[in-house]
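The values are calculated or read from the model by the stated rules, or taken from the named source; none is laboratory data. As the structure is a computational prediction, the values presented were derived from the model and not from experiment. Glycine also receives a Cβ, built like all others from the backbone with ideal geometry; neighbour counts cover every protein chain displayed. Please note that ligands, DNA and RNA were not included when accessible areas were found on the heavy atoms of the full protein model with its side chains. Shrake-Rupley method; radii C 1.70, N 1.55, O 1.52, S 1.80 Å.
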Amino acid sequence: MWIRDKEVKIPIIQGGMGVGVSMSNLAGNVALCGGIGVISSVNAGYREPDFMTNPMEANLRALEAEIKKAKEIAKGNGLIAVNIMTAVSRFSETALCAVKAGADMIISGAGLPLKLPEYTKGTDTLCVPIVSSGRGARLLTKTYMKKYGVTPDAFIIEGHDAGGHLGFSKDEIENDTAKDNHEILAEVLEEVKDYNIPVFVGGGVFDGNDMASLLQSGAAGVQIGTRFIATEECDAADGFKEVIVNATEDDVRIIKSPVGMPARAIESPLLKKLSEGLSFPAKICNGCLDACPKGVKASFCISRALVAAVRGNYEEGLFFSGSNVGRIRGITTVKALMDEIMDQCNSKLEGGRS
């Protein structure tokens, strides 16, 4: 399939996972297999020596380097994307950095990226918003056409079973009243039917059977996040991967993020302490998220907790995951995982045609 003028041989997007979980090694190897590998921009420079004193410059420097490393690993295969949350501070500088470094695509969600075409229009970088409803797709398409004279190059739907920050209310998630992926897909396809915009679906997509079902319903492809953590190529420490592999369905929690959105994570010592009313605000706030209360106003610093997690610090880490994490049985490779998903998908599609 093609997105604008870029060919995607394997219609699987590896979800962007921060801080540091999906960087150049994971994204590059997904692209090497023909898929769309995604680097998370959030605090990409957490390993830089000046991150605490000069966070924005450290993040931009690291992001540029990670994009270039990923493209080297990919060897011209697949696409390298950057996920930039709308909630990050200095969104424009981050988007411009990604374009300049040669990112094939910018993916943006956690809010509606109404200004994304300002940075991608007239470049080789694709503009791909994340939505959770047909209404969001309609608003973005109309806004882009009216203000910039373009449409989104693709949409990604993130359903309520995704990991990390979620575009649904806590009540919808916990009471299972949120619309499922197929319902949202039908809404979005209806909104974009006159524009030929491909739509990918993520959040709760676990295997090739899920993928085939969505393709049969009109999706162009799928986005999968959590399963890619349990790969040898994932950029997270082995301690993070062990948390993912050992987690059960009962370990999954819906929490309130400091940015004001519900989020899905795995039970951990940090979450237990927070549930008991303890708080862990940062002594120094790097101002990484515009929507996050600064300093002592936040119950905990989500940036510090995610950095602890990616380094394998179980006691202090926040471990985001999708709802299907309990189905993961062990560590595999990116190629083996993608081959498994595509084999299952093709088998189901071929069985349906017989």
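Data for the structure
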{"read-out": "Any hit, the stretch 333-344, residues being of a type in the set (Gly, Ala, Ser), within 29 Å of Ser89 (Cβ to Cβ) and modelled with pLDDT of 95 or more", "value": "no"}
{"read-out": "Index of the failed condition, Ser347 passing every other in (1) closer than 24 Å to Ser169 by Cα; (2) open to solvent by 40 Å² or more (accessible area, probe 1.4 Å); (3) of a type in the set (Ser, Thr, Tyr)", "value": "(1)"}
{"read-out": "Gly76 vs. criteria out of contact with any strand residue (DSSP E or B) (no Cβ under 8 Å at 6 or more places or on another chain) and either open to solvent by 10 Å² or more (accessible area, probe 1.4 Å) or outside any loop (DSSP other than H, G, I, E, B) (or both)", "value": "yes"}
{"read-out": "Test: residue in the stretch 283-300 that is touching a Cys at 6+ places or on another chain (Cβ under 6 Å), open to solvent by 50 Å² or more (accessible area, probe 1.4 Å), in a loop (DSSP other than H, G, I, E, B) and without any contact (Cβ under 8 Å) to a residue 24 or more places away in the chain", "value": "yes"}
{"read-out": "Extreme residue, nearest to Thr333 (Cα to Cα), among residues of the stretch 14-29 that are modelled with pLDDT of 95 or more and in contact with a Leu (Cβ under 9 Å, 6 or more places away or on another chain)", "value": "Gln14"}
{"read-out": "Pair list, Cβ < 7 Å and 6+ apart or interchain, from the stretch 242-255 residues that are touching a residue at least 12 places away in the same chain (Cβ under 8 Å) and over 9 Å from Ile266 (Cα atoms) to residues that are among the aliphatic types (A, V, I, L, M) and part of a helix (DSSP H, G or I)", "value": "Ile255/Leu271"}
{"read-out": "Residue under evaluation Thr53, criteria (1) open to solvent by 50 Å² or more (accessible area, probe 1.4 Å); (2) within 16 Å of the chain's Cα centre (by Cα), criterion not met", "value": "(2)"}
{"read-out": "Evaluation of Val128 against (1) assigned to a strand (DSSP E or B); (2) within 24 Å of Asp343 (Cα to Cα); (3) not aromatic (Phe, Trp, Tyr) (one fails), failing number", "value": "(2)"}
{"read-out": "Qualifying residues in the stretch 136-184 (those that are within 17 Å of the chain's Cα centre (by Cα) and not in a loop (DSSP other than H, G, I, E, B)) - the one surrounded by the most Cβ atoms within 10 Å (Cβ to Cβ)", "value": "Ile156"}
{"read-out": "Filter result (free of Cβ contacts under 8 Å to residues at least 60 places away in the same chain, out of contact with any Leu (no Cβ under 8 Å at 6 or more places or on another chain) and not acidic (Asp, Glu)) within the stretch 168-184", "value": "Asn175, Thr177, Ala178, Lys179, Ile184"}
{"read-out": "Subset of the stretch 251-282 [part of a loop (DSSP other than H, G, I, E, B), among the small types (Gly, Ala, Ser) and at pLDDT below 95]", "value": "Ser257, Gly260, Gly277, Ser279, Ala282"}
{"read-out": "Answer residue from the stretch 89-121, given it is among the hydroxyl-bearing types (Ser, Thr, Tyr) and free of Cβ contacts under 8 Å to residues at least 40 places away in the same chain and is farthest from Leu79 (Cα to Cα) among those", "value": "Ser92"}
{"read-out": "Search result, residues across the stretch 301-351 that are in a loop (DSSP other than H, G, I, E, B) and closer than 21 Å to Arg47 by Cα", "value": "Cys301, Arg311, Gly312, Asn313, Tyr314, Glu315, Glu316, Gly317, Leu318"}
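Residue-by-condition table, conditions (1) more than 18 Å from Ile302 (Cα to Cα); (2) open to solvent by less than 10 Å² (accessible area, probe 1.4 Å); (3) part of a strand (DSSP E or B):
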residue	(1), (2), (3)
Lys9	yes, no, no
Gly16	no, no, no
Gly20	no, yes, no
Leu26	yes, yes, no
Ala31	yes, yes, no
Ile39	yes, yes, yes
Arg47	no, no, no
Glu57	yes, no, no
Arg61	yes, no, no
